[in-house]
1. Going by a 4.7 Å Cβ-Cβ cut-off, which cysteines of the chain have no partner at all?
2. Ignoring ligands and nucleic acids, what accessible area does Arg393 show with a 1.4 Å probe (Å², nearest 10)?
3. Amide H of Ile246: which non-local residues (sequence gap of 5 or more, or other chain) have their own amide H closer than 5 Å, using H built in the peptide plane?
4. What is the helix-to-structure angle for 47-64, meaning the angle in degrees between its Cα long axis and the longest Cα principal axis of the chain, kept from 0 to 90 and rounded to the nearest 10?
5. What's the Cα-based Rg to Rh of the range 1-57, Rh via Kirkwood?
6. Around Leu424, which amide H atoms from residues at least 5 apart in sequence, or from another chain, sit under 5 Å from its own amide H, with H modelled in the peptide plane?
7. Grab the eigenvalues of the alpha-carbon gyration tensor for the range 177-224, scale each by 5, take roots, and send me the semi-axes largest first in whole angstrom.
8. With +1 on each Lys and Arg Cβ and -1 on each Asp and Glu Cβ, how big is the dipole of the chain about its Cα centre, in debye rounded to the nearest 20?
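The values are calculated or read from the model by the stated rules, or taken from the named source; none is laboratory data. Just so it is clear, the structure is predicted and the values come from calculations on it, not from any experiment. So basically every Cβ, Gly included, is an ideal-geometry build from the backbone, and we count neighbours across all protein chains shown. Accessible surface is based on the protein model in full, side chains and every heavy atom, while ligands, DNA and RNA are left aside. Shrake-Rupley method; radii C 1.70, N 1.55, O 1.52, S 1.80 Å.
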Amino acid sequence: MAENYDVIVIGSGPGGYIAAIRAAQLGLKTAVVEREHLAGICSNWGCIPTKALLRSAEVLHYAQHPGAYGVKIEGTVTPDLKAIVARSRGIAERMNGGVGFLMKKNKVDVIWGEAKLTKPGEIVVGKSTKPVVQPQAPLPKNTKGEGTYTAKHIIIATGARPRALPGIEPDGKLIWTYFEAMKPEEMPKSLVVMGSGAIGIEFASFYRTMGVDVTVVEVMPTVMPVEDAEISAIAKKQFEKQGMKIHLQAKVTKVEKAANSITAHVEMKDGKVEKITADRMISAVGVQGNIENLGLEALGVKTDRGCIVIDGYGKTNVPGVYAIGDVAGPPMLAHKAEHEAVICVEKIAGLPNVHPMDKLKIPGCTYCHPQVASVGLTEAKAKELGREIRVGRFPFVANGKAIALGEDQGLVKTIFDKKTGELLGAHMVGAEVTELIQGFVVAMNLETTEEDLMHTIFPHPTISETMKESVLDAYGRALNA
């Protein structure tokens, strides 16, 4: 006889494990199905271990330029690739174990295997086709395996995987996805990065700091195309100053493979084809939802362009079936998945005042050097929507803390509705902006106006002062520029 739950979550990434914990907190009998590793791509192969790599690159950068800070280091400073990768993988294992502990703490059953919806309210879990990675922490005693399970509510949180272009498919040796790029056995001397979204530009930044000759190929007119064009232009200038080669409005049309190198045929914006030879290529042309082999077609669950269609609360068109995170569409960000998880579960539990997801208030962060962060409308989008706007800008070069840190290249840009003073968007490039952006996210959620921000006291000396100065600048009141 099938074991019955209130909620079964398929997938234990940032969306899945948060959904399971919140459901358990609300007194719902909960299980999570996982086919490979707890904590999903984010903690094992994405957000967290990449930041570990970038931290190592940052330390290397400072160690190689000590004179800028009045420090002398004798001898040559070189990266230890094996140690860097080992540190990154160790952090991933720690995160994996942490989620195992949280499942145990919250009395969430862990079911190992691959789940398929067979009929409304029922899944069958079969043997995983992926190698199961056990977490460091002890699993709950009630860990389960293959079998049939039922639940009133089934939440699909199966995440996404790298997208591949026909004819330029990653092979794991010469053409990498983020999986291979995260644990290279040896450092390539040259690298082509196809795509300049967050994944592509973060790896480009890491490898360039490691001394690799990096070429970025982007089909759109700007790097990091989802960002405000002015911010992207500043970032591009800094990347090129570091020695990165960037080709915009260009596309890789063909890749020739040799024994230990590739030659990319790159069609430039003028139509001419340039051949670029490098040791390796990273394919970073986006991700696609894991919607296959879940039984969605049989139940009639609606999908669109490789993602499950949901409403603002995670509901699909089939009663009792929900979807959250990357599998439910863009923006494909871990924090979006986590918030979606809480909204979905609280709506299931019948809590009052559950607000639907507002995608305009989801921040985006890219951890390259310099960092880029944003929330809300870009200047171009606000104009496209017909909004009358005020735009404020404040450069890091006029901020005392940024100068003291030796990080004076950056900009904070704010966009306000001219009539109401509503903060429509905020965009940043520079040191630690991924930590600063949340201030503007909170402000937008509280429906803060420019007057509220102007009356807020920012501590001195901090880089955060650029935020207030940008607001002041939008109204012709900047004090330090």
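1. Cys307, Cys344, Cys365, Cys368
2. Rounded to the nearest 10, that gives 80 Å².
3. Close amide H contacts, sequence-distant or interchain: Val216.
4. 30 degrees
5. 1.16
6. Amide H neighbours of Leu424: Ile415, Phe416, Asp417.
7. 19, 11, 8
8. Values: 55 positive and 54 negative charges, 149 e Å.
Value, rounded to 20: 720 debye.
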